[in-house]
Each structure stands twice: as structure tokens, then as C-alpha cells.
Amino acid sequence: MSSDSEYLQSNDNFVTARQTMIEQQLRKRDITDPRVLEAIGRVPREYFVSPESQRFAYNDSALPIDCHQTISQPYTVAFMCAAAKLTGKETVLEIGTGSGYGAAVLSHLASVVHTVERIPELAIQATERLQRLGYDNVHVYTDDGTLGLPQAAPFDAIIVTAAAEQLPEPYLAQLKEKGRIIIPLGSDSTGQRMYRFTLRNGNLAEEVLGAFVFVPLIGKFGHPSDRPE
């Protein structure tokens, strides 16, 4: 991690790239929610990638981070945030903290963000990074994300940043009435699709939002931990 002064000095170098990314990669691909676009514009993605990847921070691509994981491409983060239909008053659960970028974007869209990361090293790094950058409404936990986070439930929205074969059972029990779950489902062989599940009168309404590619969701209600990622 760079020092605070280095962070501040480097910030202006990426402002133009960030705005270009919003105009060229998000607006032109039908990300139109003004709150989502504003949130993306307020989060310096260059602070959430490795120093050697910073020059690619605003490319529309996933980038490697520590522990053989990745940070999702900006379009994917924006798409999932828009699909959650957040107004600013919600309590949100994110599964798969990674570097903390998605949680930082969500912090501008919701009242409170709880985010679960299964890899302790990444959770520690994300906690330090988010605290350094002032995201005080984000809380990071180290645990099996397929279990949800019962101690902080219920949630207005649950956003899952890895793909499962089927919807993990604990999420439904932790969702508020009219709450939304945004999750990619499917396998490498059958293809993955983004789903939005909405809880209405105890029943889940299901919508398919399009094809995506994610790493597998690891845990008790996901893929086994020894599966290649």
C-alpha cells in the first residue's frame, strides 16, 4: 500500500480516465442509473488494484489482485449495482469483498454495507484500504460467504460476486420482504447468467439479466474449496 500522501498525489492523474470510462464503457452499454454512475465516478479504482496494474485501472476488464483473485471489470460492478435498485436507505450484503472496490461503490448507494470475504489476507487488506479511504459505512467480515451473514440480517439486497450452481439456501432466510438477490448462476459447461431474485409475499420472483463470466462461489452452499478457480 502507498502512503496517504502518495495516494493523494496520484489521484488527479486518473480523474480523466475515470470519466472517460463512465462515458465510453458504461453509458454506451446502457448503464443509465444516475446514482450508479455518480457512485462509480466517486470511487478511485486505481487504489483497489496492484501498483503494477494501476495504469489499466479504467480499462473495461477484470484485473488480478492478491491471492490469485480478481477485481471485476467496472461494467460488471455497475451492472450489478444497477440491478439491485438501491435508493440509499438500504442495508446491503456483498459476498466476495476482494480488494473492496465493489463495497466502496455500494457505500455511495446504500446506508450500510456488510461484505464477506473468505480469504483472510484479502479481508485484512480490504479493511485497511476502505478505512484509509474513509468508507465508514462498510463492514468487512472473514467467513464462508455462502452462509450469508445472519448476525447482520435481514438485508434489503444481497449481491454475490461469484457464480454458484444454484441459489445458496441461507440467502433467502436473510432477505427482507421486497429484497433483491443479484447473483450469477451456472457452470463453466452450461454457461453463467446473472439473476435477480425478488422476495414477494414469501415467494421468489426470478429474472434472468444476461450472460456473464465469474469465478466459482466457494463454500458450504457453493463449490468445494479444492475446485480449481
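Quick check, is V208 surrounded by fewer than 22 Cβ atoms within 10 Å (Cβ to Cβ) and in a strand (DSSP E or B)? Full working, then the answer.
On the way: surrounded by fewer than 22 Cβ atoms within 10 Å (Cβ to Cβ): yes; in a strand (DSSP E or B): yes.
Answer is yes for this residue.
The residue that is farthest from the chain's Cα centre (by Cα), among those in segment 158-183 that are over 18 Å from G202 (Cβ atoms) and in a strand (DSSP E or B), is A164. Only one of the numbered conditions (1) open to solvent by less than 30 Å² (accessible area, probe 1.4 Å); (2) assigned to a strand (DSSP E or B); (3) at pLDDT 95 or above is not met by G186, and that is (3). The requirement of being open to solvent by 10 Å² or more (accessible area, probe 1.4 Å), out of contact with any Asp or Glu (no Cβ under 8 Å at 6 or more places or on another chain), at pLDDT below 95 and not β-branched (V, I, T) is satisfied by E165. Taking first residues from segment 55-68 that are at positive phi and partners that are surrounded by 13 or more Cβ atoms within 10 Å (Cβ to Cβ), the Cβ contacts under 6 Å between residues at least 6 apart in sequence or on separate chains come to C67/I119; C67/L122. Only residues that are in contact with a Leu (Cβ under 8 Å, 6 or more places away or on another chain) and free of Cβ contacts under 8 Å to residues at least 40 places away in the same chain were counted across segment 113-134, and they come to 3.
One residue is enough: does segment 151-158 have a residue meeting the conditions buried (at least 20 other Cβ atoms within 10 Å of the Cβ), within 20 Å of C81 (Cβ to Cβ) and free of Cβ contacts under 8 Å to residues at least 40 places away in the same chain?
Residues of segment 151-158 that are buried (at least 20 other Cβ atoms within 10 Å of the Cβ), as a first pass: 155-158.
Keeping just the survivors that are within 20 Å of C81 (Cβ to Cβ) gives 155-158.
Adding the requirement that they be free of Cβ contacts under 8 Å to residues at least 40 places away in the same chain leaves none.
The answer is no; no qualifying residue exists.
Being of a type in the set (S, T, Y) and open to solvent by 10 Å² or more (accessible area, probe 1.4 Å) is the filter here, so list the residues in segment 100-133 that pass it. Write out each step before concluding.
Filtering segment 100-133 down to residues of a type in the set (S, T, Y) leaves 101, 107, 111, 115, 127.
Listed by number, the residues that qualify are S107, S111, T127.
Inside segment 176-194, can you point out the residues that are touching a Gly at 6+ places or on another chain (Cβ under 9 Å) and in contact (Cβ under 8 Å) with a residue 24 or more places away in the chain? Explain how you work it out, then say what you get.
Taking segment 176-194 first, the residues touching a Gly at 6+ places or on another chain (Cβ under 9 Å) are 177, 192-194.
Hits for segment 176-194 are E177, Q192, M194.
The values are calculated or read from the model by the stated rules, or taken from the named source; none is laboratory data. Every value quoted in this text rests on a predicted model; they were computed, and no experiment measured them. Quick reminder, even Gly has a Cβ in these numbers, built from the backbone with ideal geometry, and neighbours come from all protein chains shown. Only protein heavy atoms, including side chains, enter the accessible area calculation; ligands, DNA and RNA are left aside. Shrake-Rupley method; radii C 1.70, N 1.55, O 1.52, S 1.80 Å.
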